[in-house]
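Written below as C-alpha cells is the structure these notes are about.
The values are calculated or read from the model by the stated rules, or taken from the named source; none is laboratory data. Because the structure is a prediction, the values reported are computed rather than measured. Cβ atoms come from the backbone with ideal geometry, glycine included; neighbour counts cover every protein chain shown. These accessible areas exclude ligands, DNA and RNA; they are computed on the full protein's heavy atoms, side chains included. Shrake-Rupley method; radii C 1.70, N 1.55, O 1.52, S 1.80 Å.
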Amino acid sequence: MKLVVAYDGRAFFGSQRQAEKRTVQGEVERAIEEVVGFHVPAYLAGRTDQGVHAVGQVISLADHRPDLANETVRKALNANLPDDLAVIEVERRPLGFHARYDARWREYRYRLWTGVRQPLAAGFVWQRPGALDLDAMNAAAVRLIGTHDMASFAGGGEGVPGSERQSRKRGTVRTVLVCEVRRACPWWGASEQDGTLVELRIAADGFLPRMVRSITGALVEIGRGARPLTWIDELLLERDRRLGPMTAPARGLTLWRVGYDDDDPRDD
C-alpha cells in the first residue's frame, strides 16, 4: 500500500522513527496500529530533518485491510493522526512496492522571503532582508543539472574527504534532474512592493544530508552579489564541505513529491 502524506515539520524531530521522540514515522505507525490492531512497519521514501515540511512524502506498508476502500483507509488513518500530519492519498500498489527503493527521483522546494518580516510566513520560509538577483541565482542553479560529486553540499560530515560516505559505491555523486530559481506567489497576500518570495525547485535521483539547504546557501550568496556564478563550478570541483556555503534554515524546505515508474520530474 502506498500513502502520500503531508506534514508541518515544526513540531517533529524529523521524519524517521526515534526513541522517545515525536516523529512522522512514529505517528503514522501509531495510527496504523489503531486501524489494524497490531504494529505494522511504515517505510518512508525520504528522510526529512527536524523542522522540514512535506506535501508529497510517500510511505509504503503491508496491506492488512484489503477489505477497506482506499478512501475509507485514508479517513480512518486521519482520524488517528494529529492536526499537523495527514494522509492525502491512498493507493494500492503491487506486492513488494517500497517507497524508498522504488523511487526514481525526489523533488524538494526551498522558499525564502526578501521583504519585511511576515508573521504568517514564519516557520515555512527563510525570511531575510535585502533584494536578491533571481536571474543570477537561476543561472547558477542550472549549472548543477547533471551528474556531479556533491560533496561540497553534503552535511553531517559526509562531504569531508575521507568520510565513510565517500567509501561507498555511489559515494557523494548524485544526478540533478531539475534545478531552477523563480519567483513564487506569497500566500499571505503581500504585494511586489513588499518583497519577493523566491523558490528553489530541485529534483534529483537522490539527496545527501542537508544538500538542498546547502545549495540554497550558495545561491543566496550569488544572489546578493557576494560570489560569482562560477563559484558553483568551484564547489563542484573542490568536493569538500569545509569549503562550502552556509546551510539555510530547515524551515524553508519542503519535500514536494516523489517520482515512480514513468513520472516526469520536469512536470511542474
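The number of residues in segment 17-53 being in a helix (DSSP H, G or I) and in contact with a strand residue (DSSP E or B) (Cβ under 7 Å, 6 or more places away or on another chain) comes to 4. Checked against the criterion of being open to solvent by 30 Å² or more (accessible area, probe 1.4 Å), part of a strand (DSSP E or B) and touching a residue at least 12 places away in the same chain (Cβ under 8 Å), segment 109-117 contains one or more residues that satisfy it. For segment 210-240, what are the residues that are within 18 Å of T147 (Cα to Cα), open to solvent by 40 Å² or more (accessible area, probe 1.4 Å) and of a type outside the set (K, R)? Once the filter is applied, which keeps residues that are within 18 Å of T147 (Cα to Cα), open to solvent by 40 Å² or more (accessible area, probe 1.4 Å) and of a type outside the set (K, R), segment 210-240 yields T230, D233, E234, L237, E238.
Put simply, of T230, T172 the only residue that is free of Cβ contacts under 8 Å to residues at least 12 places away in the same chain and of a type in the set (V, I, T) is T230. When F97, F124 are checked against the criterion of being over 25 Å from L235 (Cα atoms), in contact with a Ser or Thr (Cβ under 7 Å, 6 or more places away or on another chain) and of a type in the set (A, V, I, L, M, F, W, C), F97 stands alone in meeting it. Among residues of segment 80-104 that are at pLDDT 95 or above, those with a Cβ under 8 angstrom from a residue that is assigned to a strand (DSSP E or B) and open to solvent by 40 Å² or more (accessible area, probe 1.4 Å), sequence gap 6+ or separate chain, pair up as I88/V55; H98/Y43; A99/Y43; R100/Y43.
You will find that of G9, G56, G14, the residue that is at positive phi and either open to solvent by less than 20 Å² (accessible area, probe 1.4 Å) or touching a strand residue (DSSP E or B) at 6+ places or on another chain (Cβ under 6 Å) (or both) is G14 and no other. Applying the condition of being within 25 Å of the chain's Cα centre (by Cα) and of a type in the set (D, E) to segment 69-89 and asking which residue is most open to solvent (accessible area, probe 1.4 Å) yields D83.
Among the residues here, L177 qualifies as surrounded by 13 or more Cβ atoms within 10 Å (Cβ to Cβ) and either assigned to a loop (DSSP other than H, G, I, E, B) or modelled with pLDDT of 95 or more (or both). The one condition from (1) open to solvent by 30 Å² or more (accessible area, probe 1.4 Å); (2) over 30 Å from G156 (Cβ atoms); (3) touching a residue at least 12 places away in the same chain (Cβ under 8 Å); (4) out of contact with any helix residue (DSSP H, G or I) (no Cβ under 7 Å at 6 or more places or on another chain) that V35 does not meet is (4).
In segment 17-31, of all residues being modelled with pLDDT of 95 or more and crowded, with 17+ Cβ neighbours inside 10 Å, the one that is nearest to the chain's Cα centre (by Cα) corresponds to V24. Of all residues in segment 159-174 being part of a loop (DSSP other than H, G, I, E, B) and of a type in the set (K, R), which is surrounded by the fewest Cβ atoms within 10 Å (Cβ to Cβ)? Selected residue: K169.
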